[in-house]
Amino acid sequence: MDVLSIIKQEHREVAALFDQANKCDAGDERLRELAREIATKLSTHLAIEERLFYARLKARVDQEEDKVDVFEAYTEHAGAKGLMEMLKSGRKPDEQFKAEVQVLGENVKHHVKEEESKVFGLARQLLEDHELDEIGEAWEKAKQRSERSKSSNGRSSTAKKRTTRTAKRREVSRR
């Protein structure tokens with residue numbers, strides 16, 4: 001599948017999550033759940049996009065204006081990552097938390113608009129169709145690896161907690 005189609009699809013999925021979050025009131029636990037899901041999807045998206053898509057574009061651009069567009073996209077990613085870190089604080093979904101989700105959503109919306117016009121235009125100029133397909137295939141594989149890694153990390157941390165609890169019980173029973 002063409003990488004541009006994959007990126008667009010993921011943009012729409014995250015936009016739908018932001019729409020749901022915007023409907024939540026401050027204090028609603030659903031807001032925190034949505035923020036967590038947004039951060040997970042976005043962090044995976046940004047990492048893969050930078051490694052597979054932006055890196056290829058950066059290597060191909062030669063005009064100054066085009067380089068600025070690619071570096072602007074990297075910079076917007078950095079801003080999104082900073083906002084996502086704020087959301088991972090674990091605090092309650094109060095008014096400030098809701099505002100941070102909204103600002104992240106506005107930044108992502110702005111980034112998507114520019115990316116789908118400027119950066120996609122560059123990609124169509126600089127990359128052949130077969131390259132866009134190759135990047136798309138690599139993207140899907142990277143996404144699957146990331147999802148498997150996240151699910152196994154969840155299991156391994158649960159297993160670690162269980163092992164720790166068992167060790168503490170044994171220690172207490174020896175006393």
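What follows draws every value from the coordinates through simple rules; no lab data is involved. All values derive from a computational prediction rather than experimental measurement. Neighbour counts run over all protein chains shown; Cβ positions are idealised from the backbone, glycine included.
Measure off 7 Å from each Cα along the Cα-to-Cβ vector at His130 and Asp2, then give the distance between these two points in nanometres to one decimal.
Placing both labels 7 Å along Cα→Cβ, they lie 1.7 nm apart.
When only C-alpha pairs under 8 Å and at least 6 residues apart count, what is the relative contact order of the chain, in percent? Mind showing how you got there, number by number?
On the way: 113 pairs, mean separation 65.2, N = 175.
Worked out over the chain, it gives 37 percent.
Taking a threshold of 18 Å on the Cα-Cα distance, which of the pairs Lys41/Lys143; Lys23/Lys81; Lys8/Lys67 fall above it? Don't jump to the answer; show the numbers that get you there.
Numbers: Lys41/Lys143 10 Å; Lys23/Lys81 23 Å; Lys8/Lys67 22 Å.
From Lys41/Lys143; Lys23/Lys81; Lys8/Lys67, over 18 Å: Lys23/Lys81; Lys8/Lys67.
How large is the translational diffusion coefficient of region 6-50 in µm² per second when you combine the Kirkwood radius over alpha carbon pairs with Stokes-Einstein at 20 °C and 1.002 mPa s? Intermediate values should be presented prior to the final figure.
Values: Rh = 11.0 Å.
The estimated diffusion coefficient comes to 196 µm²/s.
For the pair Arg30 and Val103, how long in nm is the line joining their label points, each one 7 Å along Cα→Cβ?
Rounded to a tenth, the inter-label distance reads 2.5 nm.
One quarter of the convex hull surface, Cα atoms only: what value does that give for the chain in nm²?
Details: hull surface 50.5 nm².
Its Cα hull, projected and averaged over all orientations, spans 12.6 nm².
Testing the spin-label approximation: label points 7 Å from Cα along Cα→Cβ at Tyr74 and Arg91. State their distance in nm.
3.2
Name the shape class, rounded, prolate or oblate, that the alpha-carbon gyration tensor gives for region 1-101, where a ≥ b ≥ c are the square roots of its eigenvalues, rounded holds for a/c under 1.5, and otherwise prolate holds if a/b is larger than b/c and oblate otherwise.
Prolate is the answer for region 1-101, as a/c is 1.5 or above and a/b outweighs b/c.
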